[in-house]
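A short write-up of the structure that comes next.
Please treat every number below as a calculation from the coordinates, not as lab data. Given the structure is predicted, the values throughout are model-derived calculations rather than measurements. Neighbour counts are summed over all protein chains in view; Cβ atoms, including those assigned to glycine, are modelled from backbone coordinates with ideal geometry.
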Amino acid sequence: MYIEVERLSYSYNPTSPSAYALKDVSLTIEEGAFFGIIGHTGSGKSTFVQHLNALITLPTAEKKFKPKKGVAYPSIRIGDFDLADKHTDWKALRSKVGIVFQYPEYQLFAESVKEDVAFGLKNFSQTPLTPEETEAHVKEALTAVGLNYEEVKDASPFDLSGGQKRRVAIAGVIVTKPEILVLDEPAAGLDPLGKREIMGLLHSLHRSWCKTIVIVSHDMDEIGENCTKVAVFADGELKFLLPPSELFLHDEELEALGLDIPTTAKVRRALKERGISVDTDFTSEDFARQILALGGRHV
Amino acid sequence: MKALEFKNVSFSYRKAEEGKTSSFAVKGVNFSVEEGEFVAVLGHNGSGKSTLARLANGLLEASDGSVEVFGVPLSEQKNLFSVRKNVGIVFQNPDNQTVASIVEDDIAFGPENIGVPREEIGVRIEESLAAVGMSEYKERMTSALSGGQKQRIAIAGVLALKPKIMILDESTAMLDPKGRREIMQVVKKLNKEEGMTILLITHFMEEALMADRAIVMNRGEIVMQGTPEEIFERHDELETYNLALPPIGVLWKKLEEGGMPVGYALTPEDLAEEIAKCISKSSA
């Protein structure tokens, strides 16, 4: 499933039209992408993400919608789902586009891990599942996030460590087998090892479970290392839509938007000032390779 | 003078079971912080570093050993109240530390509780807001502030109690990079200009670089101590404690392993300088 967004504008307060959270955003996210969304706080990225599974609905999808002549309304298509159409099956859409919010572990609520993970499944399945089917799905999801089902299934989610809680929360979203998984700051607040583990988990889910992954992040190193394409938001507008290898060549413009750049981009710039130019895709792996090649050329 | 001293301190959240050592969150910890010093405590989640913070101002009482603040032991109940005035803690979540809807009321909360006279409270509000660079926000709603601004207000709230030691328990973990920089600037300024003793608890290696000294915790014990540079040079050991190098360290390590004799560098500028040296040497 691809995501195609056209002319998306949104205001939380339509009576003061100057305050747009999103202004005329058009972009496509291809199936199979590991897509990154960046932007400082208040740039509109969360508002954008909430449109993707219709937590915020488009004006044309409102029950009382009456079209005005000459207005180009925003449209969002996700695979076969038309989010501008009020007859769309929202439940089906939401089970195909899973959203993991920031600090999802704060949303855990059930008495046991297995009940917590099963909650979304029960709500989204079209036909009632037997206890055996439910258990099989829950087991599969918990295993996919790297937890041992037998060990955690009966534990209270509140007795787990921070990293484990976050995994359980992700399991609760992927249990419906979404094709697109959107995560808002998936690694925030974790220690460096926890971060590495969560990013590793997302890559393994990307290979086996969810075709498309979209992450919102403030961590440019994380974006540079992991994403295939990046959207940059500022003041509700889409400023850049590029792969990291091209995006981080715009270091000065990004910094003018109040954004950071990856460490590799900083070293590249400092080298440039010393008359050494490096051509890289900005992952640390490739950057080190290019530098070593430069050093070796003269040996 | 020693601002804070831990003497063989152990702590367990559960009643110790006979013969079980794993139940200790902090185990046999000895360290001290001099007045005016800036010490960073590093450790992965669950290493005991937050327990250390709570022991330092008597929110938790040591199961064994003693904690002293300016030579006053915290084990005696009568000392607790006066010691807490000296040791302020700023926690992780900005939203959990706001008690009032207006900034100045929020800052007044602490001083009001310890019975500071009204006129004096007004002065303290002005001073603490100025110290964190938030003077113009005095009459704003706390709910309309960004995460970084809320944490600065939390720091101001602690400053209004005029503590001698400030503990930051992962106070930047929930902030974006901009908010993180704001907080670290304030902390640095308090330490350098006001001589405030700082205990910074973090898992961001970059932040630990700003400290005079760093302590690494693992499974409740202190496993490494030294200047931040000394700690980072022992990166292989750091990894055994589930701590990862900052991105710049990762890059440095990749180059070194690839056979480039780069000297140790912790900033992009320094690393670029080292690389430039290596390249010009090899071409010479």
Report the calculated FRET efficiency for A:D279 and A:N123 (r = Cβ-Cβ distance, R0 = 60 Å), to the nearest 0.05.
-> 0.75
Efficiency by 1/(1 + (r/R0)^6): what FRET value for A:N13 and A:Q107, r their Cβ-Cβ distance, R0 = 41 Å, to the nearest 0.05?
-> 0.95
Distance in nm between pseudo-label sites at B:E34 and A:E132 (7 Å out along the Cβ direction from Cα) | 7.2
Looking only at A:K195, A:K122, A:K63, which one moves most when chain A is put into a Gaussian network model with springs between Cα atoms under 10 Å?
-> A:K63
Report, for the protein assembly as shown, the % of DSSP beta bridges that are antiparallel, rounded to 5.
-> 50
At 0.36 nm per residue, minus the direct Cα-Cα distance, what do B:D236 and B:S280 gain on full extension? Give it in nm, one decimal, please.
-> 13.0 nm
Pairs to check: B:K78/B:K138; B:K162/B:K192; A:K195/B:K254; A:K45/A:K114; B:K254/B:K277. Give those whose C-alpha atoms are more than 23 Å from each other in this structure.
-> B:K78/B:K138; A:K45/A:K114
In whole angstrom, note down how far apart the Cα centers of the range A:108-153 and the range B:174-221 are.
-> 40
Per the helix-only model, chain B has a calculated mean residue ellipticity at 222 nm (DSSP H runs of ≥4, -39500 (n - 2.57) each, divided over all residues, rounded to the nearest 500) of -12500 deg cm²/dmol
Can you tell me which of A:145-152, B:128-135 comes out highest on packing, and rank the rest after it, using the mean Cβ neighbours within 10 Å?
-> B:128-135, A:145-152
How much length, in nm to one decimal, is gained on full extension between A:Y73 and A:R196, taken as 0.36 nm per residue of separation minus their Cα-Cα distance?
-> 40.2 nm
Given the options A:I180, A:I213, A:I56, state which has the largest fluctuation in a GNM of chain A using a 10 Å cut-off (strictly under) for Cα springs.
-> A:I56
Rounded to the nearest Å, what's the spacing between the alpha carbon centres of the range A:230-299 and the range A:179-202? Just the number, please.
-> 22
For A:I198, what is the net charge nearby, where nearby means another residue's Cβ is under 10 Å from its Cβ and Lys, Arg count +1, Asp, Glu -1?
-> +2
By the scheme Lys and Arg +1, Asp and Glu -1, what is the net charge of all other residues having a beta-carbon under 11 Å from that of B:Q92?
-> -3
In this structure, among A:K153/B:K49; A:K139/A:K165; A:K23/A:K229, pairs with alpha-carbon gaps over 18 Å are A:K153/B:K49; A:K23/A:K229
May I ask for the net charge around A:N123, where only other residues with Cβ less than 12 Å from the Cβ of A:N123 are counted and Lys, Arg are +1 while Asp, Glu are -1?
-> +3
Global form of the range A:3-261, assessed from the alpha-carbon gyration tensor, a/c cut-off 1.5 | oblate
Based on the alpha-carbon gyration tensor of chain B and its eigenvalue square roots a ≥ b ≥ c, which shape applies: rounded if a/c is under 1.5, prolate if not and a/b is larger than b/c, or oblate?
-> oblate
Mean other chain Cβ within 10 Å across B:167-175 is 2
Are there trypsin sites (Lys or Arg not before Pro) in the range B:1-85 that DSSP puts in a loop and that have at most 14 other Cβ atoms within 10 Å, and which ones?
-> B:R14, B:K15, B:K20
Taking a label point 7 Å from the Cα of A:S156 along Cα-to-Cβ, the residues of the range A:96-120 whose backbone nitrogen sits under 13 Å from it are A:109-113
For A:S26 and A:D235, compute 0.36 nm times the residue count separating them, minus their Cα-Cα distance, and round to one decimal in nm.
-> 73.8 nm
Distance in nm between pseudo-label sites at A:F34 and B:M141 (7 Å out along the Cβ direction from Cα) = 4.1
Average partner coverage of B:178-185, which counts Cβ from other chains inside 10 Å = 1
